[in-house]
Amino acid sequence: MKDITAKNLTKRFGDFTAVDSISFEVERGEIFGFLGANGAGKTTAMRMLCGLSQPTAGEGYVAGFNIDTEAEKVKAHIGYMSQKFSLYEDLRVWENVRLFAGIYGVRKDLIKPKTEETLAKIDLTAERNTLVKEIPLGWKQKLSFSIATFHNPNIVFLDEPTGGVDPLTRRRFWDMIQEAAEGGMTVFVTTHYMDEAEYCNRVSIMVDGKIEALDTPRNLRKQFAAENMDAVFHQLARKATRIEN
Amino acid sequence: MNMAKNNFQFSIFNFQFWCFVQKEFYHIFRDRRTVMVMILMPIIQVILFGFAITTEVKNVKIAIYDPSRDVATQHITEKIGAGEFFIIDRYLNSPAEIDRTFREGEVSVIILFSDNFGERLLHTGDAGIQVLLDASEPNQASSAGMYINSIIADYQQELMREASIPFQIRPEIRMLYNPSMKSGYNFVPGVMGMILMLICAMMTSIAIVREKEMGTMEVLLASPVKPIYVVLSKMSPYFVISWFNLITILLLSVYVLGVPVSGNLFWLNVLSLLFIVVALGLGLFISTLVDTQVAAMLASGMGMIMPVMLLSGFVFPTESMPPVLQWLSTVVPARWYIAAVRRIMIEGAPVQAVWKEFAILAGMAAVIITVSLKNFKSRLE
């Protein structure tokens with residue numbers, strides 16, 4: 001079953017084509033890596049899929065709903081974690097959990113037990129009453145992911161979820177992602193750490209708004225006769241004409 | 001997912017909304033500085049305007065036109081000049097000099113005795129005094145008017161005690177250059193308008209823009225929550241706080257400054273709530289236009305607070321503005337609010353007397369909120 005379908009999805013801002021007719025499909029339970037240099041159009045593409053931004057042309061389906069005409073339904077079936085692990089810094093850990101649980105319509109009587117369970121899982125039980133601004137970045141990241149998946153969405157979108165975090169914490173974070181995928185959740189993740197691409201079932205590489213390559217990491221390495229994903233990426237990224245920001 | 005999907009349609013609304021409202025209260029009350037500002041600002045403003053800016057009347061220069069120069073007029077003139085309030089600056093030779101005298105700017109009060117003042121007073125027991133006040137400084141003018149009135153009343157009492165005939169001196173007090181200035185308590189309605197505008201418009205716009213800046217707005221927009229809930233929950237704490245401020249201002253004005261609420265308290269509140277809604281709408285509107293907190297602060301400072309100060313009739317009476325500014329002032333909501341508060345609170349006018357202001361504010365509220373909600377939605381794209 002396809003959880004995400006994009007057909008010639010395009011986004012233009014005036015004369016600038018941020019996303020240029022991309023097409024792909026993501027299977028349920030798959031970890032789909034969405035790679036590209038800064039400014040390649042990753043975030044724009046992801047925003048369209050999350051119903052945050054209207055496509056200029058083409059169409060997309062997420063969890064069986066049209067991203068253009070049924071954006072609200074799409075939003076109810078996905079989880080979203082933004083680049084900045086955007087939590088409310090002046091709210092306590094458990095208050096953040098409860099707020100987002102409330103936003104996503106989790107039943108009131110289920111929130112409390114599930115909060116305890118979630119916090120225990122990420123070893124934050126002792127910090128439940130701490131303000132988010134006082135916990136380290138790595139914990140914020142774990143918390144942010146737990147909140148994005150708290151309501152058991154079909155699909156979770158992660159926008160550069162490991163930015164600024166040390167390698168060990170990144171490794172542990174990918175364990176969480178893999179566990180979620182094993183539980184049947186589809187994971188759509190953007191990153192610019194090429195070592196992380198190896199953890200994905202399939203990766204796509206965007207250059208200047210277009211998808212230039214899409215396959216399993218192993219096949220891509222073979223196709224580009226490269227030692228690792230980093231080398232694959234560099235071969236493709238060299239073609240980029242857009243200025244990185 | 002099942003647990004989420006089943007109940008999504010109705011029962012969630014309340015809980016979801018209240019989660020948000022609670023969050024907004026946390027944001028505000030965990031930021032001590034904001035709380036201090038919001039609670040103390042109205043108090044400080046009222047006290048500042050009440051005690052510092054309504055200057056005590058002292059050494060006000062007076063010109064006198066006294067055609068008869070008799071005992072009675074001399075006596076009154078002496079009494080007026082006796083205290084530290086007034087200085088008798090000059091005598092006028094004819095009423096024709098009034099305008100020029102005021103324009104010179106030194107003299108702010110002119111007293112005109114009627115012809116044969118003393119004689120009339122003795123024979124008919126009825127004489128007139130005209131007191132002209134330069135009301136371009138409204139607070140000073142009205143205090144001066146009150147003092148002169150009481151000095152004349154004093155003199156009348158003295159006469160009554162000496163003779164048994166009823167004497168009557170009719171002082172006729174006229175405010176020049178600002179004729180509709182009917183009260184010295186101008187600043188209380190003005191402060192109300194300004195505080196409510198400041199708290200509602202500025203704070204709301206900053207609070208919404210902060211979420212954009214922090215990136216949390218993106219997360220909210222990616223969630224199934226309806227934008228209207230985000231907006232309403234943002235507004236609700238400021239609604240409560242500004243109402244609290246309103247009550248603080250009213251209590252201060254009644255018990256500290258002695259400015260009574262002469263009209264209907266209920267309608268005064270309804271009117272204020274309507275104005276609060278307008279101000280919240282403006283805050284929302286600003287938040288849809290700008291992307292940074294600094295810009296929001298500037299926009300609400302320049303776009304909201306300045307017009308309240310300058311164009312609403314708070315500091316400068318609208319009647320004495322040039323036509324262009326008068327016309328411009330009609331789009332400033334505070335102008336209508338302050339005018340209506342003056343009438344209800346200070347003059348004790350019935351609510352029917354301010355139906356026009358009510359209607360205008362309601363219209364503004366409808367337009368602003370519709371436009372900004374539309375704008376807010378398009379931000380999703």
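Conditions: (1) modelled with pLDDT of 85 or more; (2) more than 28 Å from B:ASP126 (Cα to Cα). B:GLU84 meets all but one. Number of the miss?
(1)
Could you tell me which numbered condition A:THR130 fails, if it satisfies all but one of (1) within 14 Å of chain B (Cβ to nearest Cβ); (2) polar (S, T, N, Q); (3) within 16 Å of the chain's Cα centre (by Cα)?
Checking A:THR130 against (1) within 14 Å of chain B (Cβ to nearest Cβ); (2) polar (S, T, N, Q); (3) within 16 Å of the chain's Cα centre (by Cα), the one that fails is (3).
Consider the stretch B:208-229. How many of its residues are surrounded by fewer than 22 Cβ atoms within 10 Å (Cβ to Cβ), over 24 Å from A:ILE67 (Cα atoms) and touching a residue at least 24 places away in the same chain (Cβ under 8 Å)?
The number of residues fulfilling the criteria is 2.
Suppose the filter is under 14 Å from the mean Cα position of the chain (by Cα) and either at pLDDT 75 or above or surrounded by fewer than 21 Cβ atoms within 10 Å (Cβ to Cβ) (or both); does B:GLY145 pass it? Working first, answer last.
Numbers: under 14 Å from the mean Cα position of the chain (by Cα): no; either at pLDDT 75 or above or surrounded by fewer than 21 Cβ atoms within 10 Å (Cβ to Cβ) (or both): yes.
Spelling it out, it is not the case that B:GLY145 is under 14 Å from the mean Cα position of the chain (by Cα) and either at pLDDT 75 or above or surrounded by fewer than 21 Cβ atoms within 10 Å (Cβ to Cβ) (or both).
Could you grab the pairs with beta carbons closer than 6 Å, sequence gap of 6+ or different chains, first residue in the stretch B:266-282 and within 19 Å of B:THR248 (Cβ to Cβ), second one of a type in the set (A, V, I, L, M, F, W, C) and not in a helix (DSSP H, G or I)?
Qualifying pairs under 6 Å: none.
A:GLY39 fails exactly one of the following numbered conditions: (1) more than 15 Å from the chain's Cα centre (by Cα); (2) at pLDDT below 90; (3) surrounded by 22 or more Cβ atoms within 10 Å (Cβ to Cβ). What is the number of that condition?
Against the list (1) more than 15 Å from the chain's Cα centre (by Cα); (2) at pLDDT below 90; (3) surrounded by 22 or more Cβ atoms within 10 Å (Cβ to Cβ), A:GLY39 comes up short only on (3).
Name the pairs: first residue in the stretch B:30-46 and in the same structural domain as B:MET203 (by TED's automatic domain parsing), second residue surrounded by 14 or more Cβ atoms within 10 Å (Cβ to Cβ) and outside any helix (DSSP H, G or I), Cβ to Cβ under 9 Å, at least 6 apart or on different chains?
B:ARG30/A:ASP90; B:ARG30/A:LEU91; B:ARG30/A:LEU131; B:ASP31/A:ASP90; B:VAL46/B:LEU257
Can you find a residue in the stretch A:97-105 that is more than 8 Å from chain B (Cβ to nearest Cβ) and touching a strand residue (DSSP E or B) at 6+ places or on another chain (Cβ under 8 Å)?
Checked the stretch A:97-105: no residue is more than 8 Å from chain B (Cβ to nearest Cβ) and touching a strand residue (DSSP E or B) at 6+ places or on another chain (Cβ under 8 Å).
Determine which member of the set A:PRO113, A:PRO167, A:PRO161 is within 23 Å of A:GLY29 (Cα to Cα), more than 9 Å from chain B (Cβ to nearest Cβ) and not hydrophobic (A, V, I, L, M, F, W, C).
Criteria check complete, one pass: A:PRO161.
Of the residues B:ARG170, B:ARG174, B:ARG161, only one is in a helix (DSSP H, G or I), among the basic types (Lys, Arg) and either out of contact with any Leu (no Cβ under 9 Å at 6 or more places or on another chain) or modelled with pLDDT under 80 (or both); which? Talk me through it step by step, then tell me what you get.
Details: B:ARG170 fails: in a helix (DSSP H, G or I); B:ARG174 fails: in a helix (DSSP H, G or I).
Of B:ARG170, B:ARG174, B:ARG161, the one residue that is in a helix (DSSP H, G or I), among the basic types (Lys, Arg) and either out of contact with any Leu (no Cβ under 9 Å at 6 or more places or on another chain) or modelled with pLDDT under 80 (or both) is B:ARG161.
Which residues, taken from the stretch A:86-96, are in contact with an Asp or Glu (Cβ under 9 Å, 6 or more places away or on another chain) and facing another protein chain (nearest Cβ under 7 Å)?
A:SER86, A:TYR88, A:ASP90
Of the conditions (1) in contact with a strand residue (DSSP E or B) (Cβ under 8 Å, 6 or more places away or on another chain); (2) of a type in the set (Lys, Arg); (3) outside any strand (DSSP E or B), B:ARG100 satisfies every one except a single condition; which number is it?
(1)
For A:ASP215, indicate whether it is acidic (Asp, Glu), buried (at least 17 other Cβ atoms within 10 Å of the Cβ) and within 23 Å of A:SER21 (Cα to Cα).
no
Is it fair to say A:GLY14 is out of contact with any Pro (no Cβ under 9 Å at 6 or more places or on another chain), surrounded by 17 or more Cβ atoms within 10 Å (Cβ to Cβ), more than 11 Å from chain B (Cβ to nearest Cβ) and at positive phi?
Details: out of contact with any Pro (no Cβ under 9 Å at 6 or more places or on another chain): yes; surrounded by 17 or more Cβ atoms within 10 Å (Cβ to Cβ): no; more than 11 Å from chain B (Cβ to nearest Cβ): yes; at positive phi: yes.
No: the conditions fail for A:GLY14.
Here is a yes/no grid of residues against (1) among the small types (Gly, Ala, Ser); (2) within 27 Å of A:LEU52 (Cβ to Cβ); (3) touching a residue at least 24 places away in the same chain (Cβ under 8 Å):
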| site | (1), (2), (3) |
| --- | --- |
| A:LYS114 | no, yes, yes |
| A:LEU119 | no, no, yes |
| A:THR130 | no, no, yes |
| A:TRP139 | no, yes, no |
| A:LEU143 | no, yes, yes |
| A:ASN154 | no, yes, yes |
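For the stretch B:199-218, enumerate the residues that are at the interface with chain A (Cβ under 7 Å from one of its Cβ atoms) and farther than 18 Å from B:VAL21 by Cβ.
Within the stretch B:199-218, B:MET214, B:GLY215, B:GLU218 meet the criteria.
The rows are residues; the columns are (1) modelled with pLDDT under 90; (2) part of a loop (DSSP other than H, G, I, E, B); (3) among the acidic types (Asp, Glu); (4) in contact with a Phe, Trp or Tyr (Cβ under 9 Å, 6 or more places away or on another chain).
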| site | (1), (2), (3), (4) |
| --- | --- |
| B:ALA296 | no, no, no, no |
| B:SER300 | yes, no, no, no |
| B:PHE316 | yes, yes, no, no |
| B:GLU357 | no, no, yes, yes |
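Can you pull out the residues in the stretch A:48-80 that are more than 15 Å from A:ASP3 (Cβ to Cβ), out of contact with any Gly (no Cβ under 6 Å at 6 or more places or on another chain) and surrounded by fewer than 24 Cβ atoms within 10 Å (Cβ to Cβ)?
Hits for the stretch A:48-80 are A:LEU52, A:SER53, A:GLN54, A:PRO55, A:THR56, A:ALA57, A:GLY58, A:GLU59, A:ASP68, A:THR69, A:GLU72.
With the structure loaded, tell me whether B:SER300 is closer than 15 Å to B:SER205 by Cα and in contact (Cβ under 8 Å) with a residue 12 or more places away in the chain or whether it fails that test.
Values: closer than 15 Å to B:SER205 by Cα: yes; in contact (Cβ under 8 Å) with a residue 12 or more places away in the chain: yes.
The answer is yes for B:SER300.
Could we say that A:GLN141 is crowded, with 23+ Cβ neighbours inside 10 Å, farther than 22 Å from A:ILE22 by Cα and within 15 Å of the chain's Cα centre (by Cα) here?
Values: crowded, with 23+ Cβ neighbours inside 10 Å: yes; farther than 22 Å from A:ILE22 by Cα: yes; within 15 Å of the chain's Cα centre (by Cα): yes.
Against the criterion (crowded, with 23+ Cβ neighbours inside 10 Å, farther than 22 Å from A:ILE22 by Cα and within 15 Å of the chain's Cα centre (by Cα)), A:GLN141 qualifies.
A:GLU72 is checked against (1) touching a Pro at 6+ places or on another chain (Cβ under 9 Å); (2) within 9 Å of chain B (Cβ to nearest Cβ); (3) at pLDDT 90 or above and fails just one. What number does that condition carry?
In the conditions (1) touching a Pro at 6+ places or on another chain (Cβ under 9 Å); (2) within 9 Å of chain B (Cβ to nearest Cβ); (3) at pLDDT 90 or above, A:GLU72 misses (3) alone.
The values are calculated or read from the model by the stated rules, or taken from the named source; none is laboratory data. From a predicted model like this one, the values you see are computed outputs, not experimental measurements. For neighbour counting, all protein chains shown are included, and Cβ atoms are generated from backbone atoms with ideal geometry for every residue, glycine included.
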